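Asks: Just passing along the structure, written as structure tokens.
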Amino acid sequence: MKHMPSPDRRLFMKTALGTAAAIAGASSAQSAGSKPRLGVVVGVSGQTTPDQAIARVKAFGLECCQVGVGPAPPSLAEPLKAALSKYQIEATAAMTLGSGKMVWDFYQGPLTIGLVPPATRTARMDALKRASDLAKMCDIKAVHTHCGFIPENPNEPLYTDTVKAIQDVAAYCKANGQTFLMETGQESPVTLLRAIVDTGADNIGVNLDTANLILYGKGDPVAALDVIGKYVRGLHAKDGMYPTDPKHLGEEVAIGKGKVDFAEVMRKLHALHYTGPITIEREISGARQEEDIRASIKYLQQLIDSSYS
């Protein structure tokens, strides 16, 4: 059975000081604004061009977004950078899941999602590194993904190997001047915290998806902030219901219709001095998606204004 190596005191102090400096730097950057800015998740792969995607952000009256970049081909850099400049939108993170089969449930999910499955791990690490290079060309300061169902048992070899993969990707992002964001959901908050600490990296943050912890039955976003709050560098505003079928995730619903206590989330974010982006994600398409996003903008902005007054 393989275990994470124990660092010596010198390495421990170096890592601890580096992590503290990184957190202080990120906190300082967050404090530059008085309150969080709302954004929206958009994608620039498939049939949607960068201009179309970023124009949509502008049409919502927002100033920032997270951008799904698919396989992150280098050819995407020029049109994406041009679109962000044209519409004066900041992309706060470039997102990719990589290639290969992914099944979003409790049976096939652990075998197919993120950096955990050995068969697809290298290809997905490569995709994240391409996304990092693309983000650097577009002056995007974070790379974001689901790392997968990180094992709860830290003594499992699969846990050790996953942490090493996260270390590798985070180091690549650091060389490109970026934070590597791990999205919540498939693991408990304490497992996510353990993985971050065990990497020893000082440029790893959390993208707190307010619904995913509920959808996966892994916790509550309000309570999660007590565990991982100091690492939160991004946030998906999303709502959902707890799973009632042990094979399938809970149902994602419009913000305000599910189990997320957004008022309490905002209160805790304010207590943590979080002023980073709050990015709306609604995982449907068509007119209903646009209607729900517009309603969410109004609802969330009211909560931000009251919590950060």
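Asks: Please go through (1) surrounded by fewer than 24 Cβ atoms within 10 Å (Cβ to Cβ); (2) more than 24 Å from PRO277 (Cβ to Cβ); (3) β-branched (Val, Ile, Thr) for ILE89 and return the number of the only condition it doesn't satisfy.
Replies: (2)
Asks: Check whether at least one residue in region 215-231 is touching a Phe, Trp or Tyr at 6+ places or on another chain (Cβ under 7 Å), surrounded by fewer than 19 Cβ atoms within 10 Å (Cβ to Cβ) and free of Cβ contacts under 8 Å to residues at least 40 places away in the same chain, and report yes or no.
Replies: Yes.
The rows are residues; the columns are (1) of a type in the set (D, E, K, R); (2) under 19 Å from GLY46 (Cβ atoms); (3) surrounded by fewer than 18 Cβ atoms within 10 Å (Cβ to Cβ); (4) more than 17 Å from the chain's Cα centre (by Cα).
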| site | (1), (2), (3), (4) |
| --- | --- |
| GLY68 | no, yes, no, no |
| VAL103 | no, no, yes, yes |
| LEU111 | no, no, yes, yes |
| GLY114 | no, no, no, no |
| THR120 | no, no, no, yes |
| ILE140 | no, no, no, no |
| PRO151 | no, no, no, yes |
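Asks: Looking at ILE166, ILE140 in this structure, which one is in a loop (DSSP other than H, G, I, E, B), in contact with a strand residue (DSSP E or B) (Cβ under 9 Å, 6 or more places away or on another chain) and either modelled with pLDDT of 95 or more or at negative phi (or both)?
Replies: Selected residue: ILE140, the only one of ILE166, ILE140 that is in a loop (DSSP other than H, G, I, E, B), in contact with a strand residue (DSSP E or B) (Cβ under 9 Å, 6 or more places away or on another chain) and either modelled with pLDDT of 95 or more or at negative phi (or both).
Asks: Another question, then. Filtering region 242-279 down to residues that are crowded, with 17+ Cβ neighbours inside 10 Å, hydrophobic (A, V, I, L, M, F, W, C) and more than 17 Å from the chain's Cα centre (by Cα), which residue is farthest from CYS64 (Cα to Cα)?
Replies: LEU249
Asks: Moving on. Quick one: what pairs do we get from region 280-299, first residue within 11 Å of VAL253 (Cα to Cα), second in a helix (DSSP H, G or I) and modelled with pLDDT of 95 or more, C-beta under 6 Å, 6+ apart or different chains?
Replies: ARG282/GLN289; ARG282/ASP292; ARG282/ILE293
Asks: Exactly one condition in (1) farther than 30 Å from ASP198 by Cα; (2) at pLDDT below 95; (3) surrounded by fewer than 16 Cβ atoms within 10 Å (Cβ to Cβ) is false for SER75; which is it?
Replies: The single condition SER75 does not satisfy is (2).
Asks: A follow-up question, please. Does PRO189 meet the test of being more than 17 Å from TYR231 (Cα to Cα), of a type outside the set (Ser, Thr, Tyr) and surrounded by fewer than 24 Cβ atoms within 10 Å (Cβ to Cβ)?
Replies: Against the criterion (more than 17 Å from TYR231 (Cα to Cα), of a type outside the set (Ser, Thr, Tyr) and surrounded by fewer than 24 Cβ atoms within 10 Å (Cβ to Cβ)), PRO189 does not qualify.
Asks: How many residues does region 120-130 contain that are touching a helix residue (DSSP H, G or I) at 6+ places or on another chain (Cβ under 9 Å) and among the hydrophobic types (A, V, I, L, M, F, W, C)?
Replies: 2
Asks: Exactly one of (1) in contact with a Lys or Arg (Cβ under 9 Å, 6 or more places away or on another chain); (2) surrounded by 16 or more Cβ atoms within 10 Å (Cβ to Cβ); (3) at pLDDT 95 or above is unmet by ALA83. Its number?
Replies: Failed condition: (1).
The values are calculated or read from the model by the stated rules, or taken from the named source; none is laboratory data. Remember, predicted model here, so these are calculated numbers, not experimental data. Reconstructed Cβ throughout: ideal geometry from the backbone, glycine too, with neighbour counts over all protein chains shown.
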